[in-house]
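Worksheet: the structure to be examined is printed underneath.
The values are calculated or read from the model by the stated rules, or taken from the named source; none is laboratory data. Since the model is a prediction, treat every value here as computed from it, not as a measurement. Every residue, glycine as well, gets a Cβ built from its backbone with ideal geometry; the counts of neighbours run over all protein chains shown. Just the protein is used for accessible areas: all its heavy atoms, side chains included, with ligands, DNA and RNA removed. Shrake-Rupley method; radii C 1.70, N 1.55, O 1.52, S 1.80 Å.
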Amino acid sequence: MRTATTVLGILASSFALATSAASQAIPTPESVLGFTVGQDFKLARYEESIVYFERLAAASDHVQLLNVGETSSGRPWTLALISTPENLADIERYREIAQRLAHPAGLSDEEAHRLAREGKAFVDISGGLHASEVAGAQHTIQLAYDLVVHANEPHVRAVLDEVVLLLWPSLNPDGQDIVVDWYRENVGGPYETAPLHELYQKYIGHDNNRDAYMLNVPESRVIGRTWREWEPQIIYVHHQTAPFPTRIWLPPFAEPIAPRVPAVMSREVNAIGMLIAQGLEQNGQPGATHMGTGFDAWYPGYIDYLPMLQNIAAFWTETALYRYATPYFYTISDFPQNMRDLRPQTLYSSPWTGGWWRLRDAVDYMNTASRSVLVYAAKYKENLLYNRYQAGRDAIHRYENEPPYAYFIPQHQHDPTAAVEMLRRLAFNGIRVSQLTRAVEHEGQRYAAGTWVIPMNQEFAELARQLLDVQEYPDLREFPDGPPEQPYDAAGWTLPYQMGVRVISASAPLSNELRSALTPLRAEVGAIAMAPDAPFASSALAAGIVSPAGGVTGSGAQVSIDPAATNGFRLLNRARNAGGTVRYDPTNGRYIVAGIAANQVAGWAEELSVSGTRTSVTGDAPVGARLGLYKPWRASMDEGWTRWLFDQYEFPYATITNADIRGGSLRNRYDVIVLTSDSPNGILNGFAKGSVPPRYEGGIGEEGVRALDAFVRAGGTLVCLNRSADFAIEQLHLPVQNVVGSLRRSEFFASGSILEVTTDPSHPVMAGMPDRASIFFDGSPVFTTTEGFEGRALAKYADHGSPLMSGYLLGESHLEGYAAGLDVQHGNGHVVLIGFRPQWRGQPLGTFRVLFNAAFYGEGVTRGAAGPSDFWSPPNP
């Protein structure tokens with residue numbers, strides 16, 4: 001039997017053979033696109049690539065095309081199946097096998113071995129997720145052609161006999177066209193390599209690879225649904241951010257990795273990474289590395305890593321990129337000093353020596369990598385399929401014999417719909433949820449009928465643990481006694497903390513009596529509970545995961561809504577948009593709806609699971625009605641997520657650009673303006689002159705600063721999230737100091753972690769918050785005040801002890817007693833400084849209301865709100 005690397009060499013070389021007469025009917029990419037794949041200065045749009053795939057499928061019985069859904073812009077989304085005609089004819093049988101092995105309850109080892117022998121390896125390969133990393137979505141065209149045109153060559157046939165390739169022409173169709181159109185507009189001119197001025201996926205841009213467990217956008221749900229339908233054994237997503245001067249980064253991942261990932265999956269990904277490197281060496285493509293580069297696999301929100309927790313060998317690679325399709329010649333002087341000796345290293349065996357780097361080079365490296373994965377899958381097909389079964393089987397057995405045996409989620413929560421929002425996402429990702437049909441007792445605690453339960457003896461149990469448990473990020477240092485290594489992404493994300501949901505883990509086995517009281521809410525393993533293009537909060541019910549009933553009770557002409565119910569803000573905005581009024585009642589911290597028919601408000605309350613109370617109270621002045629959201633030309637994901645959140649909760653708002661702010665007279669147009677978490681320099685200066693077309697140059701500038709200052713002094717409210725607070729402190733000369741702003745990483749560090757604060761719910765911005773709340777701290781400011789301060793603290797850190805809830809924190813003493821949020825009186829208006837990320841990636845539902853309250857914090861609500869308070873006083877230095 002040939003070794004895998006020998007087969008790889010034959011497969012790679014076979015693609016270079018002259019095509020046979022029978023293959024002449026297969027269209028070349030050039031014949032359809034008008035240029036060769038990877039040609040300098042040429043990129044294919046998504047629609048152009050789909051035209052090619054359609055021509056390819058029409059010419060070959062090795063290809064089937066599937067429509068898997070729609071993107072955020074409503075564009076149809078295509079997936080290609082490539083294999084032998086015989087495999088495609090029996091595809092439903094092989095999909096049935098993949099499903100059975102992925103969900104192994106009741107399956108014996110002997111039966112699993114038999115199915116693994118009978119089945120075919122399903123390998124999912126894609127590119128273009130990060131659309132500015134352009135080679136990925138170009139290489140899929142070439143890969144499809146190479147496989148099909150050589151499909152009858154013996155060694156290609158040997159691979160396709162055992163493998164069904166699920167090939168996404170692009171994992172971000174909308175973004176591909178945004179990037180290609182931008183490049184075509186500028187190619188050949190002075191701005192040929194200029195950065196984009198907009199996000200390359202609606203709302204979220206680069207964060208499309210951070211939404212795997214929250215599933216907030218349609219693309220995430222389409223991808224997740226497709227993977228649950230096919231249950232591939234390998235998922236491989238191409239990226240393009242190789243550490244310079246290496247040409248491609250490959251697994252193994254850097255430390256740390258997600259602790260709940262099955263070891264057999266980690267070993268499988270490591271083996272694949274090494275095989276890709278060997279394939280590149282055999283093909284004369286130097287520069288592959290596995291060196292520690294910061295690509296850790298701790299955060300489970302990557303769409304190309306979360307499947308590891310569903311027992312799939314999932315990974316990404318990073319191929320080198322210059323800019324778009326523009327070539328570049330590198331000399332040794334471009335290299336970092338420590339890489340100029342070109343010394344072979346254990347994990348960088350063939351250093352790249354420089355020279356031209358073209359789009360076609362990146363395409364070729366990706367093609368070799370993809371083909372290497374296909375060879376691995378064919379060679380070890382039976383092991384791949386059986387390992388999928390084994391990992392699921394072991395998870396079931398583990399949690400039948402060790403804790404946590406289950407998670408209990410009571411229906412009664414601070415926010416009535418928060419638990420449902422969390423559970424629907426878990427269910428969509430394949431975690432089975434049950435519900436108690438009667439009250440039971442477990443470990444001395446009584447659980448009411450209706451309590452949700454996640455029994456842990458299920459195949460995706462490790463995913464549940466990774467999302468529900470507390471994260472303890474390891475204390476990794478750059479060198480002994482040096483600063484901590486920065487996580488590649490978040491250090492802590494515990495969903496119950498972020499979403500404000502009370503969850504109790506079971507440390508003792510569930511009794512038979514308790515199990516008999518459980519009703520599964522997902523009747524079909526692998527079923528998807530919701531339409532992939534529907535928002536979670538307003539879609540069809542997720543297989544019985546239903547919020548407690550809402551409605552309106554009592555008597556009176558108005559309706560009082562508690563801001564603790566986040567869904568209540570949808571109701572408030574519907575009332576405003578329908579011509580009603582919303583006022584704030586400072587006596588009880590609730591909002592009052594008036595001017596809407598009683599049956600209409602009641603209908604909204606029932607639909608949204610919001611409880612309202614009729615009242616004769618009229619409330620204070622109307623909430624701020626004119627909301628502006630600043631959008632910088634340097635594309636901001638935080639601004640995008642804020643737009644997403646405002647749209648989800650039906651806020652009316654206007655997008656404000658640099659020119660709008662510099663134009664002045666802001667108080668005539670807006671009551672509240674929001675600056676999202678962007679750097680002070682980015683807000684002030686934006687893109688440098690000459691780096692982008694002139695219409696996108698610069699920031700708000702000094703003129704814009706004066707306009708914002710005048711807006712606030714005239715009675716407006718400026719809301720500054722996280723990093724933008726430093727901008728307001730400095731540029732508006734506020735009597736506030738960020739006490740951690742100048743600290744070194746060796747003194748203070750907390751990146752992407754969950755901390756606890758004490759809140760002041762009597763302040764309108766914190767209305768509806770619990771007294772103690774979890775916040776997402778991400779390089780955030782920490783406040784104290786200086787002479788001349790007038791205002792109030794919104795939230796504060798404890799005077800003593802660590803506020804760390806999940807993640808990592810170094811230097812807790814720098815937080816003790818300081819403020820996490822301030823309402824600063826400035827002239828006749830207010831600057832609200834929020835020292836955390838209340839809407840981070842659409843995850844911390846428990847703090848959404850802080851942003852929503854701030855958006856309502858117009859002149860009527862602010863009257864008297866910043867007066868003296870004994871909630872907080874700044875600590876002595």
Condition check for Gly205: at pLDDT 95 or above and open to solvent by less than 20 Å² (accessible area, probe 1.4 Å): yes
Any idea how many residues of region 442-490 are over 29 Å from His397 (Cα atoms) and either aromatic (Phe, Trp, Tyr) or open to solvent by less than 10 Å² (accessible area, probe 1.4 Å) (or both)? 5
Leu147 vs (1) in contact (Cβ under 8 Å) with a residue 40 or more places away in the chain; (2) surrounded by fewer than 19 Cβ atoms within 10 Å (Cβ to Cβ); (3) outside any loop (DSSP other than H, G, I, E, B); (4) in contact with a helix residue (DSSP H, G or I) (Cβ under 8 Å, 6 or more places away or on another chain): all pass except (2)
Looking at region 809-825 only, could you name the residues that are within 19 Å of Ala490 (Cα to Cα) and not in a loop (DSSP other than H, G, I, E, B)? Leu810, Glu812
Restricting attention to region 168-189, report how many residues are without any contact (Cβ under 8 Å) to a residue 60 or more places away in the chain and β-branched (Val, Ile, Thr). 1
Mind checking which strands (runs of 3 or more DSSP E) fall wholly inside region 609-671 and carry at least 3 residues that are of a type in the set (Val, Ile, Thr)? none
Check off (1) closer than 19 Å to Gly450 by Cα; (2) among the charged types (D, E, K, R); (3) modelled with pLDDT of 95 or more for Asp562 and give me the number that stays unchecked. (1)
Would you check if there is a residue in region 380-397 being over 30 Å from Pro761 (Cα atoms) and in a loop (DSSP other than H, G, I, E, B)? yes
Scan of region 573-599 for residues that are in contact with a strand residue (DSSP E or B) (Cβ under 7 Å, 6 or more places away or on another chain) and in contact (Cβ under 8 Å) with a residue 24 or more places away in the chain, ordered by number: Ala575, Arg576, Thr581, Val582, Arg583, Tyr584, Asp585, Arg590, Tyr591, Ile592, Val593, Ala594
List every residue pair whose Cβ atoms sit under 6 Å apart, with the two residues 6 or more apart in sequence or on different chains, where the first one lies in region 617-628 and is over 14 Å from Ala854 (Cα atoms) and the second, anywhere, is open to solvent by 60 Å² or more (accessible area, probe 1.4 Å). Gly619/Arg583; Asp620/Arg583; Asp620/Pro586
For region 190-198, check the following and say yes or no: at least one residue is in contact (Cβ under 8 Å) with a residue 40 or more places away in the chain, open to solvent by less than 10 Å² (accessible area, probe 1.4 Å) and not hydroxyl-bearing (Ser, Thr, Tyr). yes
Long-range neighbours under 6 Å by Cβ, at least six apart or interchain, first residue under 19 Å from Trp77 (Cβ atoms) and of a type in the set (D, E, K, R) within region 114-131, second open to solvent by less than 10 Å² (accessible area, probe 1.4 Å) and assigned to a loop (DSSP other than H, G, I, E, B): Asp124/Pro232
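Yes/no matrix, rows are residues, columns are (1) open to solvent by less than 60 Å² (accessible area, probe 1.4 Å); (2) of a type in the set (Phe, Trp, Tyr); (3) under 30 Å from Arg323 (Cα atoms); (4) in a helix (DSSP H, G or I):
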| site | (1), (2), (3), (4) |
| --- | --- |
| Phe41 | no, yes, yes, no |
| Ile50 | yes, no, yes, yes |
| Leu56 | yes, no, yes, yes |
| Gln64 | no, no, no, no |
| Val68 | yes, no, no, no |
| Ser73 | no, no, yes, no |
| Leu81 | yes, no, no, no |
| Tyr94 | yes, yes, no, yes |
Picking from Gly69, Gly136, Gly128, the residue that is within 22 Å of the chain's Cα centre (by Cα) and modelled with pLDDT under 95 would be Gly128
With respect to His830, is the statement that it is assigned to a loop (DSSP other than H, G, I, E, B) and over 25 Å from the mean Cα position of the chain (by Cα) true? no
Name, by its number, the condition in (1) under 17 Å from Arg45 (Cβ atoms); (2) touching a helix residue (DSSP H, G or I) at 6+ places or on another chain (Cβ under 8 Å); (3) among the charged types (D, E, K, R); (4) assigned to a loop (DSSP other than H, G, I, E, B) that does not hold for Glu133. (2)
Can you name every residue in region 566-593 that is open to solvent by 40 Å² or more (accessible area, probe 1.4 Å) and more than 14 Å from Phe852 (Cβ to Cβ)? Asn577, Ala578, Gly579, Thr581, Arg583, Pro586, Thr587, Asn588
Hey, can you tell me all the residues within region 668-700 that are surrounded by fewer than 20 Cβ atoms within 10 Å (Cβ to Cβ) and either within 18 Å of Ala854 (Cα to Cα) or at pLDDT below 95 (or both)? Arg669
I'd like the full set of residues that are assigned to a strand (DSSP E or B) and at pLDDT below 95, limited to region 283-296. Asp296
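Listed here are the residues, each with its yes/no results for (1) farther than 19 Å from Leu822 by Cβ; (2) part of a loop (DSSP other than H, G, I, E, B).
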position	(1), (2)
Ile673	no, no
Asn681	yes, no
Leu684	yes, no
Val692	yes, yes
Arg695	yes, no
Gly704	yes, no
Ala710	yes, no
Gly715	no, yes
Val719	no, no
Can you tell me how many residues in region 96-115 are of a type in the set (Gly, Ala, Ser) and exposed (fewer than 15 other Cβ atoms within 10 Å of the Cβ)? 3
Out of Thr417, Thr331, Thr353, which single residue is crowded, with 21+ Cβ neighbours inside 10 Å and hydroxyl-bearing (Ser, Thr, Tyr)? Thr417
Given the structure, is Glu118 under 26 Å from Asn383 (Cα atoms) and among the acidic types (Asp, Glu)? yes
Would you point out the residue of region 646-667, among those that are more than 14 Å from Ala855 (Cβ to Cβ) and aliphatic (A, V, I, L, M), that is surrounded by the fewest Cβ atoms within 10 Å (Cβ to Cβ)? Ala659
So is Val672 closer than 22 Å to Gly860 by Cβ and either touching a Ser or Thr at 6+ places or on another chain (Cβ under 7 Å) or touching a residue at least 40 places away in the same chain (Cβ under 8 Å) (or both) or not? yes
Here is a list: Ser780, Ser806. Which entry is surrounded by 23 or more Cβ atoms within 10 Å (Cβ to Cβ), assigned to a loop (DSSP other than H, G, I, E, B), among the hydroxyl-bearing types (Ser, Thr, Tyr) and in contact (Cβ under 8 Å) with a residue 40 or more places away in the chain? Ser780
Selected residue (criterion: nearest to Glu747 (Cα to Cα)) from residues of region 449-482 that are in a strand (DSSP E or B) and modelled with pLDDT of 95 or more: Glu472
Name the pairs whose Cβ atoms lie under 6 Å apart, with the first residue in region 348-364 and in contact (Cβ under 8 Å) with a residue 24 or more places away in the chain and farther than 20 Å from His239 by Cα, the second in a helix (DSSP H, G or I) and open to solvent by 20 Å² or more (accessible area, probe 1.4 Å), and 6 or more positions between them or separate chains? Gly354/Ile332
